[in-house]
1. I'd like the distance separating the alpha-carbon centroids of the range 76-92 and the range 97-124, in whole Å.
2. When Rg is the radius of gyration of the Cα atoms in the range 1-67 and Rh is its Kirkwood radius, what does Rg/Rh come to?
3. Compute the relative contact order of the range 1-144 as a whole-number percentage, counting only Cα pairs closer than 8 Å that sit 6 or more residues apart in sequence.
4. May I ask for the net charge around Thr87, where only other residues with Cβ less than 13 Å from the Cβ of Thr87 are counted and Lys, Arg are +1 while Asp, Glu are -1?
5. Summing Lys, Arg as +1 and Asp, Glu as -1, what charge do residues with Cβ under 11 Å from the Cβ of Gln180 carry, Gln180 excluded?
Amino acid sequence: MLSLIIPVYRNEGSIPDLLAAVQGLHQQLAGALEVVFVVDGSPDRCHALLRAQLPATGLNATLVLLTRNFGAFAAVRMGLQQATGETFAVMAADLQEPPELVLQMQAVLARDEADVVVAERALRHDPFLQRWQAQLFWAAYRRWVVPDMPPGGVDIFACSRAFRDALLTLAESRSSLIAQIFWLGFRRASVPYVRQPRQHGQSAWTWSKKIAYLADSVFAFTDLPVRLLTRAGMLGMAVAVAMAVVVLFGKLSGLIAVPGYSMTLIAILFFGALNLLSLGIVGTYAWRAYENTKQRPQAVALRVDRFNAS
């Protein structure tokens, strides 16, 4: 049994095509399919439409409504928790990733060639500005977070039960599900595909959300911010030393006649840089540690409906 997890947010216009695509997968898998729709606090009618139409689809389906918008990766985790299959796959509700990818990834898992299969974008038919932003984002991600990340990035994947169970043990908050996939290791394979144009609505994956996600990934998987602050502090102290030399020269040469000016300027520059260094390092570690001590769930379900195949 394959469990297919589909996070849903602002996809009201895609619901008919989405259900048709999932029914097609259900037929090709001879009914060995369980579908988990997770509505991530969507403000449109996604949940109402799915709840009304799922009983007539003949699918083994679970419909989860979250209490608010927790984010796509939290929704995927909720779907993985609700799923009961032997293998698991994630599919985007906007259908920009071809549904056939699910079958390709499932075939790799069925041959026991890998524990996790990621869908690697070979080409994308998005507008130029959106492609440029995506390329910049994933280039930064590869540079600072996961060097093994494919150049086009990863949004969907499939995995075995053992991998799913290991993934769900990583419960830290403000993290990156995709980076966790690469961090876990296991046997990994990739399936290339061409990303299709969006047919309905607009993407909720805005530039500000990409920046926030990149920041979460950086803080969760690399010490880059600490190293940058260390270098900034060292640079500041070097500038302070250089300024101290200049001020001392001015003092000794008589160019600076104000009493106490020299020591005041040197002290401000040096200890200001030192405070920037210290507060940055301590603050980064303290905040991340504090966030994880809260032990809050990453998503909360308001209601869960289950539909059995007729």
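No value in this document is a laboratory result; all are computed from the given coordinates. Just so it is clear, the model here is predicted, and its values are computed rather than measured. With ideal geometry, Cβ positions are generated from the backbone for all residues, glycine too; neighbour counts draw on all protein chains shown.
1. 15 Å
2. Over the Cα atoms of the range 1-67, Rg/Rh equals 0.95.
3. Relative contact order for the range 1-144 comes out at 29 percent.
4. Working: positive: Arg111, Arg161, Arg164; negative: Glu34, Glu86, Asp112, Glu113, Asp115, Asp165.
Local net charge: -3.
5. Residues close to Gln180 contribute a combined charge of 0.
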